[in-house]
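The values are calculated or read from the model by the stated rules, or taken from the named source; none is laboratory data. In this text, all values refer to a predicted model and were calculated from it rather than measured experimentally. All Cβ positions, glycine included, derive from the backbone under ideal geometry; neighbour counts span all protein chains shown.
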Amino acid sequence: MKRIVSGIQPTGNLHLGNYLGAVKNWVDLQNSKDYEIYFFIADLHSLTGKLEASKLKEQTKILIAELLALGIDHKKVVFFRQSDVVGHTDLAWIFDCVTPVSELYRMTQFKDKSGNQPKNINSGLLTYPILQAADILLYQGELVPVGEDQVQHVELTRDIARWFNNKYGQYFVETKAKLTHIPRVKSLLAPDKKMSKSLGEGHVIDLADEPEVILKKLNKAVTATEGGGESMGVANLLLLLKEFADKKTYESFVRAEKDKTIRYGDLKKVLAENIAEHFKEFRKKRAEYLKNSVKLEKIMADGAKKAQKQAEKTMAEVRKLVGLR
Ligand code: ADP
Ligand code: TRP
């Protein structure tokens, strides 16, 4: 059976970018009968960043609770924590040895992140996409639901599979990214950039934000046009409205924008109400899951057991192929 694989780092609360670009797709895909599905918390990847140990632990718990609250069903998918499974870092080492270092220096995310953390350009930041390739290929993942910013890493995964197969014989499958219809949600304050935690709190709307916080953030969202062109900020807000409001409301604002009768204060208020309403149930479930650490740990342990089975099979075959056994 074909496999879907994707992961997400426990670096902060889920925001609208993560949701519309990736996680919403995860929830939709899990009912697919054609694929076996692996979703995981990429906690090893987050060691490349600045989170201190206690914060990483806390964010991991929050991310597990948030994914479950969004509807990830651990009975339908293998849902686990990367560091619980032996094999991810083993396979990454083997991939290190077939990947030209020049390919890693080309990665946009490496360039961005080394710019953002100039005092901490650790080796993990550079080899990050190799660990990601291992995450995917350990389970022979063919489809990888992610946002647009991760497409380059998925393409590198395909290259790594090819380099490995050329050297050791055909073994790994071809991997493809799967995007949603909104693969790149923009920042509220800098709509030329993607919505991202690393830009700061005011740039993102968290799924767990209370209604008044959502309105406060939206009220500060940039709507000004630059150079007389169409405002990227407004386009982004309308895109969100299309996603969260009913069709009639959305169309009335689109018309008003065209007629230039639109009042951005109204747009923001209506959008804030619709987003808050959409995630009302989520906020409740999230709080409930967070009270139940034992249950969360049990779900992770069960997921790891299932993932470990496949990981061991792949690693046994890979060890033979490369001549270690
Ligand atoms: P962040 O950039 O906030 O740190 P992550 O890198 O943890 O987010 O992203 C997790 C997932 O969410 C990835 O699949 C990524 O492509 C997707 N994603 C992140 N930000 C956005 C965005 N603004 N628009 C669409 N998808 C996004
Ligand atoms: N690099 C991804 C991100 O920042 C997270 C990730 C780690 C991932 N391993 C993966 C995504 C494997 C898809 C498949 O969002």
Number of the condition not met by Leu126 [criteria: (1) at pLDDT 95 or above; (2) under 30 Å from Leu240 (Cα atoms); (3) in contact with a helix residue (DSSP H, G or I) (Cβ under 7 Å, 6 or more places away or on another chain)]: (2)
Filter result (more than 9 Å from ligand 2 (Cβ to nearest atom), free of Cβ contacts under 8 Å to residues at least 60 places away in the same chain and either of a type outside the set (A, V, I, L, M, F, W, C) or touching a helix residue (DSSP H, G or I) at 6+ places or on another chain (Cβ under 8 Å) (or both)) within segment 1-29: Pro10, Val23, Val27, Asp28
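Could you look through segment 248-272, keep only residues that are of a type in the set (D, E, K, R) and buried (at least 16 other Cβ atoms within 10 Å of the Cβ), and pick out the one that is nearest to Leu188 (Cα to Cα)? So that I can check it myself, show each step before the final result.
Initial filter on segment 248-272 (of a type in the set (D, E, K, R)): 248, 251, 255, 257-260, 263, 266, 268-269.
Next, from what is left, pick out any that are buried (at least 16 other Cβ atoms within 10 Å of the Cβ): 257, 268.
Values: Glu257: 18, Lys268: 11 Å.
Restricting to residues being of a type in the set (D, E, K, R) and buried (at least 16 other Cβ atoms within 10 Å of the Cβ), the top hit is Lys268.
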Test for Ile72: is it among the aliphatic types (A, V, I, L, M), at pLDDT 95 or above and in a helix (DSSP H, G or I): no
Unmet criterion (only one of (1) in contact with a Ser or Thr (Cβ under 7 Å, 6 or more places away or on another chain); (2) within 16 Å of ligand 1 (Cβ to nearest atom); (3) at pLDDT 95 or above) for Gly147: (1)
Cβ-Cβ under 8 Å pairs, at least 6 apart or on other chains, segment 179-190 side surrounded by 22 or more Cβ atoms within 10 Å (Cβ to Cβ), far side among the charged types (D, E, K, R) and in a loop (DSSP other than H, G, I, E, B): Lys186/Asp192; Lys186/Lys193; Ser187/Lys193; Leu188/Lys220
Residues of segment 132-161 classified as out of contact with any Pro (no Cβ under 7 Å at 6 or more places or on another chain), within 11 Å of ligand 2 (Cβ to nearest atom), of a type outside the set (Asp, Glu) and more than 16 Å from Ala311 (Cβ to Cβ), total: 9
The lone exception for Gly202 - which of (1) farther than 25 Å from Ile62 by Cα; (2) more than 16 Å from ligand 2 (Cβ to nearest atom); (3) assigned to a helix (DSSP H, G or I) it fails: (1)
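On the basis of being part of a helix (DSSP H, G or I), modelled with pLDDT of 95 or more and within 13 Å of ligand 2 (Cβ to nearest atom), does Leu91 make the cut? Give the steps one after another, and end with the answer.
Values: part of a helix (DSSP H, G or I): yes; modelled with pLDDT of 95 or more: yes; within 13 Å of ligand 2 (Cβ to nearest atom): yes.
Yes: the conditions hold for Leu91.
Condition check ((1) within 11 Å of ligand 1 (Cβ to nearest atom); (2) under 22 Å from Leu44 (Cβ atoms); (3) free of Cβ contacts under 8 Å to residues at least 60 places away in the same chain) across all residues:
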site	(1), (2), (3)
Trp93	no, yes, yes
Val98	no, yes, no
Gly115	no, no, yes
Ile121	no, yes, yes
Thr127	no, yes, yes
Thr157	no, yes, yes
Lys167	no, no, no
Residue satisfying condition, being touching a Gly at 6+ places or on another chain (Cβ under 7 Å) and surrounded by 14 or more Cβ atoms within 10 Å (Cβ to Cβ), within set Val222, Val234: Val222
Residues that are hydroxyl-bearing (Ser, Thr, Tyr), over 24 Å from Val77 (Cα atoms) and touching a Lys or Arg at 6+ places or on another chain (Cβ under 9 Å), drawn from segment 121-162: Tyr128
For Tyr105: the one exception among (1) aromatic (Phe, Trp, Tyr); (2) buried (at least 16 other Cβ atoms within 10 Å of the Cβ); (3) farther than 25 Å from Ser32 by Cα: (2)
Verdict on Leu56 being within 14 Å of ligand 2 (Cβ to nearest atom) and outside any loop (DSSP other than H, G, I, E, B): no
